[in-house]
1. If you scan segment 34-82, which residues turn out to be within 12 Å of A21 (Cβ to Cβ) and among the small types (G, A, S)?
2. In segment 2-60, what count of residues is obtained for those that are under 16 Å from the mean Cα position of the chain (by Cα) and of a type in the set (A, V, I, L, M)?
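The values are calculated or read from the model by the stated rules, or taken from the named source; none is laboratory data. Remember, it's a predicted structure, so these values are computed and weren't measured experimentally. Ideal geometry is used to build each Cβ from the backbone, glycine not excepted, and the neighbour counts take in all protein chains shown.
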Amino acid sequence: MWIPAALKPLPLPMICGLFGALCLGIVGALAGLVIGLNVYVPTAWAAMIEVGIPATLVGFVLGLLVGAIALLTHRRRSARGR
């Protein structure tokens, strides 16, 4: 997995959390835009925020959980190999 140089010093759960936040934040913002354009065009930008921010938070939490599970799995496997 390619990781930017600025993120390399961060622990794995944080990297996964940021990646999850980015992915779900973009999806949530696009979903909010589509919903906003279908409901009332002048406030579509607000719908992007209303849907995008919660999606970003959910993505961050899910990413943290996935990263923590991956880190624990890696540590257990490396401890067994000793």
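1. G52, A55, G59, G63, G67 - these are the residues of segment 34-82 that are within 12 Å of A21 (Cβ to Cβ) and among the small types (G, A, S).
2. Residues flagged as under 16 Å from the mean Cα position of the chain (by Cα) and of a type in the set (A, V, I, L, M) within segment 2-60 amount to 21.
Results for (1) surrounded by 13 or more Cβ atoms within 10 Å (Cβ to Cβ); (2) modelled with pLDDT of 95 or more; (3) of a type outside the set (S, T, N, Q); (4) part of a helix (DSSP H, G or I), shown as yes or no for each residue.
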{"position": "A5", "(1), (2), (3), (4)": "no, no, yes, no"}
{"position": "K8", "(1), (2), (3), (4)": "no, no, yes, no"}
{"position": "G20", "(1), (2), (3), (4)": "yes, yes, yes, yes"}
{"position": "I26", "(1), (2), (3), (4)": "yes, yes, yes, yes"}
{"position": "M48", "(1), (2), (3), (4)": "yes, yes, yes, yes"}
{"position": "G67", "(1), (2), (3), (4)": "yes, yes, yes, yes"}
{"position": "R77", "(1), (2), (3), (4)": "no, no, yes, yes"}
